[in-house]
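Laboratory data are not the source of any read-out in this text; all were calculated from the coordinates shown. Please read these numbers as outputs of a predicted model, since none were measured by experiment. Cβ placement follows ideal geometry from the backbone for every residue including glycine, while neighbour counts extend to all protein chains displayed.
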Amino acid sequence: MKKIIALTLTVLLVLSVVAPAVALAEGTSVDVVSSANPPIVKCKWEEEPGCPNYESGDPSHLTPGFQINPPLEACTTKTICYYAVVTDPDGVATVDQVFVDVYHPDGSPEPYGPSVEGGIQDRPYFKYEVPMGEIIPGSEAVALAQAADDMGLITYNSGYDITEVLFELTKGTAWIWKGCAEIDYEQPAGDYDVYAYAIDIKDGFSDPLHNQFLYVPICGIEVDFTAIDFGSTNLGVEKMIAGDTIWDCDPGINHATVRNIGNTWVNVTVMFDDMGFGQNYLDEWNVQFDARMGSDNYYYEGDIMPYETRMLRNALDLSCKDELDFSIKVIKGTGSHDGVITLGCEIYPFDGCPDDVVSISARGDCCGD
């Protein structure tokens, strides 16, 4: 049972490896000669298969291009399908390969940062190369292109538009190439660069057609507890219930752990109700709380009053976790009391202070694997 924090947690704040071989090799070289009539990528776009509106991030298609939301579920992925309309002056049947090179957003943190280089352009922030091995000709291609244009998804090469593309698809002088690949729940939010290339059987290499899609930044947290039980306490004495960094697949009472399931760095927010202790005639609360993520007192948040939303200042890295500590101090009251903690999240920017970012990996905490 998982508790994803888009909901309110009802809590019981109750009082009572081989050695490498060595080989010598001579140098090698090769010279690939390109055709004088290379293929042309006329247009390209992305879609989210299974999504009724082709894109979860902009279902009303108010913004041109493709936007996709993260799954907000640990250890999961979403599929993106890449499409390109390609032709060749020597005939569409001479097109041999079509593929896209995809790059993480500029400013992404490691391991998705500038240290990873690749693709035809050997650029930093390389994500992957996706071969587009499925060829779609004829009327099916026409319908796909028309629908994508209607939704504002398509990026056109200079000099081309939907009328010209549909004419070529109808005549069979251009085809659609399609390839699909995954994006992970924890991969960084932002604008992903996509470059589409085509190669013909004469080694003719097209110019790239570039566009971007947006992995919509959405924070998300998940916890492994359903309640905090403070047990018995005395008036005016602060009592803490410590969390831990062990992810429990069966949520229970206390032992609080929180993990990041979004595609941004994330701050945790916390709000307590008054548990029925109320206020005095000066409107002063008869109970107050404290909270902390981790064990560093620098990030301790004290004197949290009921119904006050307080942000914990340290942040969780992508797919990372930490412990949550909660404290209570009762100023006036007797007997047993129940209450509610509401947890939420706020985006912490990738260009924020890295010293504030907790990087305890939660990638292995995939219950049910």
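Miscellaneous remarks
- Converting phi to 3J(HN,Hα) with the Karplus coefficients 6.51, -1.76 and 1.60 and the offset θ = phi - 60°, the stretch 56-66 yields 6, x, 8, x, 8, 6, 7, 10, x, x, 10 Hz in sequence order, with x at every glycine or proline.
- Whether the stretch 220-361 is rounded, prolate or oblate, judged on the alpha carbon gyration tensor where a/c under 1.5 counts as rounded: prolate
- Binning the alpha carbon pair distances of the chain at 10 angstrom intervals from zero yields the distribution 5, 20, 22, 18, 15, 11, 6, 3, 1, expressed in whole percent.
- Here the alpha carbons of the stretch 137-186 define both size measures, Rg and Dmax, at 12.8, 43 Å.
- Where only DSSP H runs of four or more residues are counted, the chain gives -2000 deg cm²/dmol as its mean residue ellipticity at 222 nm, each run worth -39500 (n - 2.57).
- For VAL266, net neighbour charge (Lys/Arg +1, Asp/Glu -1) across residues whose Cβ lies under 13 Å away: -3
- Ellipsoid semi-axes for the stretch 132-233, based on the Cα gyration tensor and the rule √(5λ), read 44, 16, 14 Å when sorted largest first.
- In order along the stretch 69-80, phi translates into HN-Hα couplings of 7, x, x, 6, 8, 4, 6, 10, 9, 10, 9, 10 Hz, rounded to whole numbers, per the Karplus curve 6.51 cos²θ - 1.76 cosθ + 1.60 with θ = phi - 60° and x for Gly and Pro.
- Label point distance in nm, GLU134-ASP96, each placed 7 Å from Cα along Cα→Cβ: 2.5 nm
- Peptides 208-214, 97-103, 50-56, 153-159 ordered by average Cβ neighbours within 10 Å, highest first: 97-103, 208-214, 153-159, 50-56
- Sequence-ordered 3J(HN,Hα) estimates for the stretch 210-218 from the Karplus curve with 6.51, -1.76 and 1.60 and θ = phi - 60° stand at 10, 8, 10, 10, 9, 8, 4, x, 9 Hz, glycine and proline given as x.
- Of the GluC sites (Glu not before Pro) in the stretch 304-346, those whose Cβ has at most 13 other Cβ within 10 Å and which sit in DSSP loop: GLU308
- For trypsin sites (Lys or Arg not before Pro), no site in the stretch 306-354 is both called loop by DSSP and has at most 10 other Cβ atoms within 10 Å.
- Dipole magnitude of the chain about its Cα centre (Cβ charges: Lys, Arg +1; Asp, Glu -1), debye to nearest 20: 540 debye
- FRET efficiency, 1/(1 + (r/R0)^6) with R0 35 Å, evaluated for LYS239 and THR79 via beta carbons: 0.15
- Label zone (ASN53, point 7 Å along Cα-to-C-beta; backbone nitrogen cut-off 19 Å) within the stretch 315-349: none.
- Dipole of the chain computed with +1 at Lys/Arg Cβ and -1 at Asp/Glu Cβ about the Cα centre; of VAL142, SER336, ILE347, farthest Cα towards the positive end is SER336.
- For the stretch 293-369: rounded, prolate or oblate by the Cα gyration tensor [a/c cutoff 1.5]: prolate
- Look at the Cα gyration tensor of the stretch 40-215: its axes a ≥ b ≥ c give a/c of at least 1.5 with a/b at or below b/c, and that counts as oblate.
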